[in-house]
1. Mind checking which residues of the stretch B:86-111 are touching a residue at least 24 places away in the same chain (Cβ under 8 Å) and within 16 Å of DNA strand D (Cβ to nearest atom)?
2. All but one of (1) open to solvent by 40 Å² or more (accessible area, probe 1.4 Å); (2) modelled with pLDDT under 95 hold for A:PRO19; which doesn't?
3. Cβ-Cβ under 6 Å, sequence separation 6+ or interchain: first residue in the stretch A:30-59 and charged (D, E, K, R), partner within 10 Å of DNA strand D (Cβ to nearest atom) and not in a helix (DSSP H, G or I). Which pairs?
4. Sort out which residues of the stretch B:47-73 are surrounded by fewer than 21 Cβ atoms within 10 Å (Cβ to Cβ) and closer than 20 Å to A:ALA29 by Cα, and write them in order of number.
5. In the stretch A:74-107, how many residues are within 12 Å of the chain's Cα centre (by Cα), buried (at least 20 other Cβ atoms within 10 Å of the Cβ) and aliphatic (A, V, I, L, M)?
6. Please count how many residues of the stretch B:73-114 are in a helix (DSSP H, G or I), farther than 14 Å from A:PHE33 by Cβ and within 14 Å of DNA strand C (Cβ to nearest atom).
7. In the list A:ALA83, A:ALA36, which residue meets the criterion of being in contact with a Gly (Cβ under 9 Å, 6 or more places away or on another chain), within 14 Å of DNA strand D (Cβ to nearest atom) and at pLDDT 95 or above?
There are 2 protein chains.
Amino acid sequence: MNRSTVAEELHAHGARPVPAIDTAALEAAASFFRAAGDVSRLRLLTCLQQGEWCVTELAESLGEGLSTISQRLKVLRGEGLVARRRDGKHILYSLADDHVAALLAAALEHARER
Amino acid sequence: MNRSTVAEELHAHGARPVPAIDTAALEAAASFFRAAGDVSRLRLLTCLQQGEWCVTELAESLGEGLSTISQRLKVLRGEGLVARRRDGKHILYSLADDHVAALLAAALEHARER
DNA sequence: CAAACACTTCATGAATCGTTCAACTGTTGC
DNA sequence: GCAACAGTTGAACGATTCATGAAGTGTTTG
């Protein structure tokens, strides 16, 4: 019997076109996700969801070295997830924008749904 | 002059409490982001945004080996980004839910904004 | 039931990532 | 200006991740 499948229909006329998405945009989105794809960095982001923190505070509260935290923040900053400003001798970090907070919340929700 | 800074105020009373977030949820969210944090897998996801594709189609359209695509899909499926179903001898993949599509769109938008 | 097809899984080597120590830069207070 | 403080950067290392070929699983067709 010749019951043709959905896939064969789609298949029949050669390769389906891949959606035209700017490689640079894709690359940037991937870097963004990769930056968020680490538990330690994610924990940092959840702190910053509450407001500004300086590096020393983060290090003390998380029980990690200053350099370690700084490196993690550097990655997050490189992908535009966090912003910073100087205040006296401290440097205060915060989430870059609401956009980031939203993505963070959405991912955590997706996580809890499993 | 003794102009006390924002950071010193926050600093004064020991370590600030880290937000209480289930480590498992954080871990899951990180895995989710990590799965999305790769250009090749992201490209796969953008294909699936258009509907169902079988593995062979994806491989042909993207010009990659079958095994390569299959491995990438495995990662995405492991983190619940894509779903699959069998149709005849093909296996059709699609985005797991609208939730994923939304996260994808949000990240691509964030990417374009830079 | 055997051959063909459509994948998946395993194993491996290459590349990338994350942490850490040491050295460096910038700011404040004496 | 110099010592102390706050943070960044560079280099080295182990740990993870990614792509790929070979072998294995499941489905259909003759």
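1. Within the stretch B:86-111, B:ASP87, B:HIS90, B:ILE91, B:LEU92, B:TYR93, B:ALA107 qualify.
2. It is condition (1) that A:PRO19 fails.
3. Close Cβ pairs (under 6 Å, with a partner that is within 10 Å of DNA strand D (Cβ to nearest atom) and not in a helix (DSSP H, G or I)) amount to A:ARG34/B:GLY37; A:GLU52/A:LEU92.
4. B:GLN49, B:GLN50, B:LEU62
5. To start, the set of residues in the stretch A:74-107 that are within 12 Å of the chain's Cα centre (by Cα) comprises A:75-82, A:95-96, A:99-107.
Then drop every residue that is not buried (at least 20 other Cβ atoms within 10 Å of the Cβ), which leaves A:76, A:79, A:81-82, A:95, A:100, A:103-104, A:107.
Keeping just the survivors that are aliphatic (A, V, I, L, M) gives A:76, A:81-82, A:95, A:100, A:103-104, A:107.
Matching residues across the stretch A:74-107 total 8.
6. Summing the residues that are in a helix (DSSP H, G or I), farther than 14 Å from A:PHE33 by Cβ and within 14 Å of DNA strand C (Cβ to nearest atom) in the stretch B:73-114 gives 4.
7. Working: A:ALA83 fails: in contact with a Gly (Cβ under 9 Å, 6 or more places away or on another chain).
From the options A:ALA83, A:ALA36, the qualifying one is A:ALA36.
To keep it simple, each residue is scored yes or no on (1) outside any helix (DSSP H, G or I); (2) surrounded by 14 or more Cβ atoms within 10 Å (Cβ to Cβ); (3) modelled with pLDDT under 90.
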| site | (1), (2), (3) |
| --- | --- |
| A:LEU10 | no, yes, yes |
| A:ALA15 | yes, yes, yes |
| A:ALA28 | no, yes, no |
| A:LEU42 | no, yes, no |
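The values are calculated or read from the model by the stated rules, or taken from the named source; none is laboratory data. Nothing here was measured: the structure is a model prediction, and the numbers come from that model. Every residue, glycine among them, receives a Cβ derived from its backbone with ideal geometry; neighbour counts consider all protein chains shown. Keep in mind that these areas ignore ligands, DNA and RNA; they rest on the heavy atoms of the full protein, side chains included. Shrake-Rupley method; radii C 1.70, N 1.55, O 1.52, S 1.80 Å.
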